[in-house]
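The values are calculated or read from the model by the stated rules, or taken from the named source; none is laboratory data. Keep in mind the model is a prediction, meaning the values are calculated, not measured. Virtual Cβ from ideal backbone geometry, glycine too; neighbours counted across all protein chains shown.
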Amino acid sequence: MLCNASAMARDDGLFDGEKLLLTNGVSTVEGSAGGGLSSWAVIPGMETDHGLGLSAFVTGVGFNDFNLETHGIAVGVHNRLAVSYARENFDTLSAGTALGLGHGYTFRQDIVTTRLRLAGDLVYGPAWLPQITVGADFKHNLNGAVVRLVGAKQSAGTDFTLSATKLLLGSSVLINTTFRLTDANQFGLLGFGGDRDAHRTGQFEGSLGYQLTRRLAVGAEVRTRPDNLGFARETETHDLFVAWAANRHATLTAAYVDLGPVATFRPQRGAYLSLQLAC
């Protein structure tokens, strides 16, 4: 419906939908545009500098002992400004019983992200100048009493990001680096700050992608995280992904994800599947 409406509005110059395929990225589990795990310096939607863009997504990840479902929407303005909303639902399944929370206890989090493009262009311009964005992720954990019980200092927090991304068309290679200032425990699903460290620390996100065809890309990502809670050690996360643009409006992403240990449980590895609709 959204994409049909945007196509009707092109004559009015509101939605132009002229970005190259896959250059809007996919939707991260936190709602921003990028890879599955890492935020990139791209703006959601298919708009260029003269229009508006819209996207919506739903993602499911099945781990050894947990399941994650996340969904959301995003708006891009003139390929310059982005605002998105995402809801994360982290189902503890039978692990909830072992943690004393009850079978299927679900941690929920609302995330609003903003991104502003400062300089550069993802595709055009000199290869040495990437597209650069700054952003903020406003996170609100809906299980405040529980996350404080396990040692979190707060049930809400804000991440700050600085990202640089470049697609080298001649070699079909995409490179991204993101610096994130955060105090989130397990991305915020276990609150913010803890008994080991209550302050934001700088973390790194990196992505490397290769565009096999106009519609198909493969790649890998790494993301480091703070280790704030004494009872729940956190390590870096990784993924290997395949993204396929079925057409200008629909992108399907599949990935293998290694989340590392979660809340005293063994390293969590599993399959990631995400559908994004964009205009």
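Structure above, values below:
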{"item": "Some residue of the range 212-220 being crowded, with 23+ Cβ neighbours inside 10 Å, on the phi < 0 side of the Ramachandran plot and touching a residue at least 12 places away in the same chain (Cβ under 8 Å)", "result": "yes"}
{"item": "Residue count, the range 22-44 (criterion: under 18 Å from Asp110 (Cα atoms) and in a loop (DSSP other than H, G, I, E, B))", "result": "8"}
{"item": "Ala5 being modelled with pLDDT under 95, buried (at least 20 other Cβ atoms within 10 Å of the Cβ) and over 25 Å from Thr161 (Cβ atoms)", "result": "no"}
{"item": "Count of the range 67-83 residues which are assigned to a strand (DSSP E or B), polar (S, T, N, Q) and farther than 18 Å from Val112 by Cβ", "result": "1"}
{"item": "Residues of the range 159-190 satisfying the condition of being surrounded by fewer than 21 Cβ atoms within 10 Å (Cβ to Cβ), in contact (Cβ under 8 Å) with a residue 12 or more places away in the chain and farther than 14 Å from Thr201 by Cβ", "result": "Leu162, Ala164, Leu168, Leu169, Ser172, Val173, Ile175, Thr177"}
{"item": "Residue satisfying all of: in the range 253-267; within 18 Å of the chain's Cα centre (by Cα) and at pLDDT below 95; farthest from Gly36 (Cα to Cα) among these", "result": "Gly260"}
{"item": "Any hit, the range 84-99, residues being out of contact with any Phe, Trp or Tyr (no Cβ under 8 Å at 6 or more places or on another chain), closer than 26 Å to Ala136 by Cα and surrounded by fewer than 22 Cβ atoms within 10 Å (Cβ to Cβ)", "result": "yes"}
{"item": "Unmet criterion (only one of (1) assigned to a strand (DSSP E or B); (2) surrounded by 23 or more Cβ atoms within 10 Å (Cβ to Cβ); (3) over 12 Å from the mean Cα position of the chain (by Cα)) for Glu47", "result": "(1)"}
{"item": "Test set (1) of a type outside the set (Val, Ile, Thr); (2) in contact with a Lys or Arg (Cβ under 9 Å, 6 or more places away or on another chain); (3) within 22 Å of Leu81 (Cβ to Cβ) - Lys166 fails condition number", "result": "(2)"}
{"item": "Top-ranked residue of the range 57-76 - restricted to ones that are over 29 Å from Phe265 (Cα atoms) and surrounded by fewer than 18 Cβ atoms within 10 Å (Cβ to Cβ), ranked as nearest to the chain's Cα centre (by Cα)", "result": "Ile73"}
{"item": "Criterion: at pLDDT 95 or above, within 15 Å of the chain's Cα centre (by Cα) and closer than 16 Å to Gly25 by Cβ - qualifying residue of Thr177, Thr182, Thr158", "result": "Thr177"}
{"item": "Residue satisfying all of: in the range 240-279; β-branched (Val, Ile, Thr) and surrounded by 15 or more Cβ atoms within 10 Å (Cβ to Cβ); nearest to Met46 (Cα to Cα) among these", "result": "Thr251"}
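Residues are listed down the side, and each one gets a yes or a no for (1) β-branched (Val, Ile, Thr); (2) within 30 Å of Lys19 (Cα to Cα); (3) touching a strand residue (DSSP E or B) at 6+ places or on another chain (Cβ under 8 Å):
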residue	(1), (2), (3)
Trp128	no, yes, no
Thr165	yes, yes, yes
Leu169	no, yes, no
Ser172	no, yes, yes
Gln186	no, no, yes
Leu190	no, no, yes
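Table: residues versus (1) under 22 Å from Ile132 (Cβ atoms); (2) not hydrophobic (A, V, I, L, M, F, W, C).
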residue	(1), (2)
Thr178	yes, yes
Phe187	no, no
Gly191	no, yes
Gln203	yes, yes
